[in-house]
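Quick notes on the structure that follows.
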Amino acid sequence: MPFLQLDNVSTHFSAGSGIFQPKKQADVIKAVDNVSLSLEQGEILGLVGESGCGKSTLSRTIMQLVPATAGNITLDGQNLSDLPARQIRQKRLDFQMIFQDPYASLNPRMTVFSTLAEACRQRHPQLKGEALQNHIDQLMLRVGLDRRFARKYPHEFSGGQRQRIAIARALAPEPKLIIADEPVSALDVSIQSQILNLLIQLSRELQLTMIFISHDLSVVRYIADRIAVMHQGGIVEYGGAEQVFNHPEHPYTRKLLNAVPALPSVDA
Ligand SMILES: Nc1ncnc2c1ncn2[C@@H]1O[C@H](COP(=O)(O)OP(=O)(O)OP(=O)(O)O)[C@@H](O)[C@H]1O
Ligand SMILES: [Mg+2]
């Protein structure tokens, strides 16, 4: 059985029910429509598609932040649709997110230490003193941050270092699945590859399963084992990364690939 499995998952929103539109005109937005895919533990799925195609909604649906309208999501053998609300809250620790803008997602008033301590305690509420310190040292080491930076605040770091803090925070609750939504889109090109390499390394070392969302196909090609191409809420193409890049089957995938001016070599 795959580690993460989605069977015919849909997330529909009703639109047009705001104050400016009478309810009878309400339409349905099929943000995610009949999506099926599966992922093995430790694999990185690249989720690509143009703005508004439903990438973020799909990730929020997997994380149980928005309810699926239909379908089943199974993680590590457990059907998430069956879980009561209380258990979902606990289960959410298994999913962590990394966002595009680490500055916006980090609390400016908290040092790296307090940010990571708070995240560690979500999983281990009793953790304190030396044991907590060791945990935080380990996390900082994993993401390539000097432990002497622990007492600093987010504004004292560069963009790439801030993204490393955000990655350490995502790792702290010991998640099973990481969803990274455009995690390198706001970074300089030179820093992008460092962060991509870090994510690849973490996925290998920790057998961490990842969904990597990006509109940038060259970035996705670099990092992903599998690719899902999303278009208007549905997955139009799904397969091994090299297969999708070298032998795209769907016209929409070909259109996306043709829109990429040049792809850097994979071992860059
Ligand atoms: N809570 C909501 N209520 C109504 N419509 C929504 C809601 N959330 C998302 N949508 C709609 O669902 C569609 C998919 O949005 P989503 O944010 O998932 O796209 P995306 O692929 O992540 O886009 P981007 O690349 O710009 O981040 C859009 O039409 C959006 O307006
Ligand atoms: Mg989005």
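The values are calculated or read from the model by the stated rules, or taken from the named source; none is laboratory data. Computed from a prediction, not measured in an experiment: that's the story for all the values here. Every residue, glycine among them, receives a Cβ derived from its backbone with ideal geometry; neighbour counts consider all protein chains shown. SASA here: full protein model, heavy atoms, side chains in, ligands and nucleic acids out. Shrake-Rupley method; radii C 1.70, N 1.55, O 1.52, S 1.80 Å.
Worth pointing out:
- Distant-in-sequence amide H partners of Ile211 (H built 1.01 Å from N, under 5 Å): Leu45, Ile178, Ile179, Ala180
- The HN-Hα couplings worked out from phi for the range 202-217 by the Karplus form 6.51 cos²θ - 1.76 cosθ + 1.60 (θ = phi - 60°) are 5, 4, 6, 5, 9, 6, 8, 8, 9, 10, 10, 9, 7, 8, 9, 5 Hz, whole numbers, x standing for Gly and Pro.
- Under the criterion of Cα pairs below 8 Å and six or more residues apart, the relative contact order for the chain equals 25 percent.
- The H on the amide N of Lys152, modeled in the peptide plane, is under 5 Å from the matching H of Val112, Phe113, each at least 5 residues off or on a different chain.
- Phi angles across the range 2-11 convert, under the Karplus curve 6.51 cos²θ - 1.76 cosθ + 1.60 with θ = phi - 60°, into 3J(HN,Hα) values of x, 5, 10, 9, 10, 10, 6, 7, 10, 10 Hz, Gly and Pro given as x.
- The magnitude of the dipole of the chain, with charges of +1 and -1 set on the Cβ of Lys/Arg and Asp/Glu and taken from the Cα centre, is near 980 debye.
- Of the listed residues Glu43, Glu205, Glu249, the order by accessible area with a 1.4 Å probe, largest first, is Glu249, Glu205, Glu43.
- Near the amide H of Asp33, within less than 5 Å, lie the amide hydrogens of Thr11, Gly234, all on another chain or at least 5 residues away, with H placed in the peptide plane.
- With 0.36 nm allotted per residue and the present C-alpha distance subtracted, the Asn258-Thr111 stretch has 48.5 nm of extension available.
- In this simple spin-label model, placing a label point 7 Å from the Cα along the Cα-to-Cβ direction at both Gln194 and Gln232 gives a separation of 4.3 nm.
- Expected 222 nm ellipticity per residue - DSSP helices of 4 or more, -39500 (n - 2.57), all of the chain, to 500: -10500 deg cm²/dmol
- Separation in nanometres of the label points that stand 7 Å from Cα toward Cβ, at Leu141 and Arg92: 3.2
- Counting DSSP beta bridges with both ends in the range 140-268, the antiparallel % (nearest 5): 55
- Available extension along the chain between Ser51 and Asp101 is 16.3 nm, counting 0.36 nm per residue and deducting the alpha carbon span.
- Pairwise FRET efficiency - Glu130 versus Leu206, Cβ, R0 = 30 Å, nearest 0.05: 0.80
- HN-Hα J in Hz across the range 136-144 - Karplus 6.51, -1.76, 1.60, θ = phi - 60°, x for Gly and Pro: 5, 4, 4, 4, 5, 4, 4, 9, x
- Rounded to the nearest 0.05, the FRET efficiency derived from the C-beta distance between Ser14 and His155 at R0 = 35 Å is 0.30.
- In the context of the full protein assembly, Met63 retains an accessible surface of approximately 10 Å², using a probe radius of 1.4 Å and ignoring ligands and nucleic acids.
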